[in-house]
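Written out below as structure tokens is the structure these notes cover.
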Number of protein chains: 4
Amino acid sequence: MFFSIDPSNSVAIYEQIVRQVKFAIAEGTLCPGQLLPSVRQLSQQLAINPNTIARAYQQLQADQVIETLRGRGLTVCAGATERCREIRRSLIAQRLRSALAEALHGGLKAAEIREIVKNQLELLSGTVATVASAPNEAGTS
Amino acid sequence: MFFSIDPSNSVAIYEQIVRQVKFAIAEGTLCPGQLLPSVRQLSQQLAINPNTIARAYQQLQADQVIETLRGRGLTVCAGATERCREIRRSLIAQRLRSALAEALHGGLKAAEIREIVKNQLELLSGTVATVASAPNEAGTS
Amino acid sequence: MFFSIDPSNSVAIYEQIVRQVKFAIAEGTLCPGQLLPSVRQLSQQLAINPNTIARAYQQLQADQVIETLRGRGLTVCAGATERCREIRRSLIAQRLRSALAEALHGGLKAAEIREIVKNQLELLSGTVATVASAPNEAGTS
Amino acid sequence: MFFSIDPSNSVAIYEQIVRQVKFAIAEGTLCPGQLLPSVRQLSQQLAINPNTIARAYQQLQADQVIETLRGRGLTVCAGATERCREIRRSLIAQRLRSALAEALHGGLKAAEIREIVKNQLELLSGTVATVASAPNEAGTS
DNA sequence: GTGGTCTAGACCACC
DNA sequence: GTGGTCTAGACCACC
């Protein structure tokens, strides 16, 4: 698990950790049953106060993504992979929908939007083209 | 000018005002030379702290969208209409692009994205054309 | 709002606060739109660290029971009354069901259980009898 | 003796062991005079830290349910069967009473409670009578 | 060793 | 004034 935390980012540090853990689980980098780095350990690795790490982990527990094994640490819940993927997909789809709505609403014509979408997808698909044969994982790098 | 402010929204109130003024200018509801409501007046109308209104107006001045007419109040700058339209369009286009990037990045396939875009555009274009029939989706600025 | 906090109780202080707020909302003591006591105020009143209060309030926000009005404080969400009632009822019903299951499982005969239930309801209903005409609020003292 | 330990359960592991031993004694699965599995043996069988097993056994000794036979190990005390049964029954009855009190207190009407009790008893009595037909609900200790 | 909770005190943006 | 975040350091039960 590698985290990259940016303390000057406007999203809170604990929230950055939450997202990166969910992302890692969705990606399969972190699997159900696996132990997370301990609060103290991660706190040292990232040079961040243990309380902040603990807060992120508490959030992840509330989201039913990880659970505590008494005295041993925190593990990824069974089913978390699918849950995290689903959360991600629906957040993304929703964000996409609202960006489209806002675009139409804010003066772009449907044709212009289609153009942007087409260009953007071609531009970005370059990276993805080679992975086209693996249906589910495409583009999760 | 009608503003709708939501204090429980995560974007700051002053920022909501800034956006709505720029939007109204881009739309032509507010025209160059026109006087804005005074701080006190708007503060009363929205039941919001005058400092907050003042801050929004300062921001709009910094963005060169409004300017003070000494002793008379604040007016929309000449050229603000085009500038606001341009600001809006580029913000929107950028947001759209980043939503698309994130979507690809986060596991949606290009085909799925195209599908969402297509559906959404049909859905919303319909709504825009015949606003009255779809009551709820219309005003989601 | 009166809170009674017991720091020697095994349930965490922040959790005691969370429960009492939900209870007060379910009861109607705290109504949608009403402001909660501020973090600092409650912290003084209960002689408890502000962080602990803040944590309780954050939990209540995550539970969609309260929401922040930027710069003004925290209010009870619309619909929170029903939500809190429903939460309470289902928690209680579930606890009751599992107590019954455990009782049967653990050696009490159905007849004994019925006896305990009957006695207990009679014993406790005394308090409630006079309120029998107000269907929904019965016994929420 | 089969134990099923869940480290992600909120009740401590040593406490889970204590309860299961008492339960087994109350049920007659474990009889006075019988030797308990050694700390090491149980520790291996459950893949649990020996200290945790030792702590459970200490607790059971304090509760006068088991006692050490010098050099031989730990045995179930004489009279433990009845004591465990009694402990269990009174714990259960008390839990039931408090669940009922809380239910009344928390907004369920006496009639609703009677309904839940009735349904639950029918449901579970059925299950107990013909365990084999309802696979999942049987072992919910 | 593990996480969970709490206090104390600081700084921030926002109103 | 408001809440939100973070650090620092303590203590606890559990394993």
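The numbers here are math on the coordinates, done by the rules we state, and not lab data. Worth saying up front: this structure is predicted, and the values here are computed from it rather than measured. All Cβ positions, glycine included, derive from the backbone under ideal geometry; neighbour counts span all protein chains shown.
Point me to the residue of chain B whose C-beta lies closest to the B-onto-D rotation axis, rounding the distance to whole angstrom.
Taking the axis that maps B onto D, the answer comes out as B:SER10, 16.
Inside 10 Å of the C-beta atoms of C:61-73, what's the mean count of C-beta atoms belonging to other chains?
Per residue, the average neighbour count from other chains is 3.
Could you count how many Lys pairs in the protein assembly as shown have their Cα atoms under 14 Å apart, skipping same-chain pairs fewer than 8 positions apart?
Going through the protein assembly as shown pair by pair, I get 6.
For chain C, what does the relative contact order come out to in percent, with C-alpha contacts under 8 Å and a separation of six or more?
Relative contact order here is 22 percent.
For the range D:1-106, place one equal point scatterer on every Cα, skip the solvent, and apply the Debye formula. What is log10 of I(q)/I(0) at q = 0.13 Å⁻¹?
Here the Debye-derived log intensity ratios amount to -0.51.
Semi-axes of the equivalent ellipsoid for the protein assembly as shown, please: Cα gyration tensor eigenvalues, times 5, square-rooted, ordered largest first, whole Å.
Equivalent ellipsoid semi-axes, largest first: 57, 32, 24 Å.
Please compute the contact order of the range B:49-102 in relative form: average sequence separation of alpha-carbon pairs under 8 Å and at least six residues apart, divided by the residue count, as a percent.
19 percent
Every other copy gets compared here: list the nm distances from the B:ARG114 label point (7 Å along Cα to Cβ) to its counterparts, shortest first, one decimal.
Distances between equivalent label points, in nm: 1.2, 6.6, 6.8.
So how do B:ILE48, B:ILE53 line up by other beta-carbon neighbours within 10 Å, fewest first?
The fewest-first ordering by Cβ neighbours comes to B:ILE48, B:ILE53.
In nanometres, what is the gap between the two model label sites at B:CYS31 and A:CYS31, each 7 Å from Cα along Cα-to-Cβ?
6.8 nm
Per Stokes-Einstein, at 25 °C and 0.890 mPa s, what whole-number D in µm² s⁻¹ belongs to the range C:34-96, with the Kirkwood radius over Cα pairs as the hydrodynamic radius?
For the chosen part, D equals 192 µm²/s.
Within the set of other residues whose C-beta is less than 14 Å from the C-beta of A:GLU15, count the net charge using Lys and Arg as +1 and Asp and Glu as -1.
+1
Quick one: Cα centre-to-centre distance for the range A:89-123 and the range C:55-91, in angstrom?
Comparing the Cα centres of the range A:89-123 and the range C:55-91, I get a distance of 34 Å.
What number in nm² do you get for the range C:5-63 if you take the convex hull of its Cα atoms and divide its surface by four?
Projected area, direction-averaged: 4.1 nm².
Shielding of B:25-38 by partners, i.e. mean partner chain Cβ atoms within 10 Å per residue?
Whole-number average of other-chain Cβ neighbours for B:25-38 is 0.
Ordered shortest first, which distances in nm separate the 7 Å Cα→C-beta label point of A:SER90 from those of the other copies?
Ordered by increasing distance: 1.4, 3.7, 4.9 nm.
Taking each residue of B:87-96 in turn, how many C-beta atoms of other protein chains fall within 10 Å of its C-beta, and what is the average?
5
Each label point is 7 Å from the Cα along the Cα-to-Cβ direction; what then is the distance between the points at D:GLU82 and A:GLN45, in nm?
5.9 nm
Taking a point 7 Å out from Cα toward Cβ as the label site, list the nm distances between B:ALA78 and the same residue in every other copy, smallest first.
4.5, 7.3, 11.1
Evaluate the charge dipole of chain B about its Cα centre and quote only its size in Debye, nearest 20, assuming +1 on the Cβ of each Lys and Arg and -1 on the Cβ of each Asp and Glu.
Using only the charged Cβ atoms, the result is roughly 360 debye.
Provide A:CYS31, B:CYS84 in ascending order of the number of other Cβ atoms located within 10 Å of each residue's Cβ, fewest first.
Going from least to most buried by this count: A:CYS31, B:CYS84.
When the helix-only estimate is applied to chain D (DSSP H runs of n ≥ 4, each -39,500 (n - 2.57), divided by the residue count), what is the mean residue ellipticity at 222 nm, nearest 500 deg cm²/dmol?
Helices in chain D give a 222 nm mean residue ellipticity of -19500 deg cm²/dmol.
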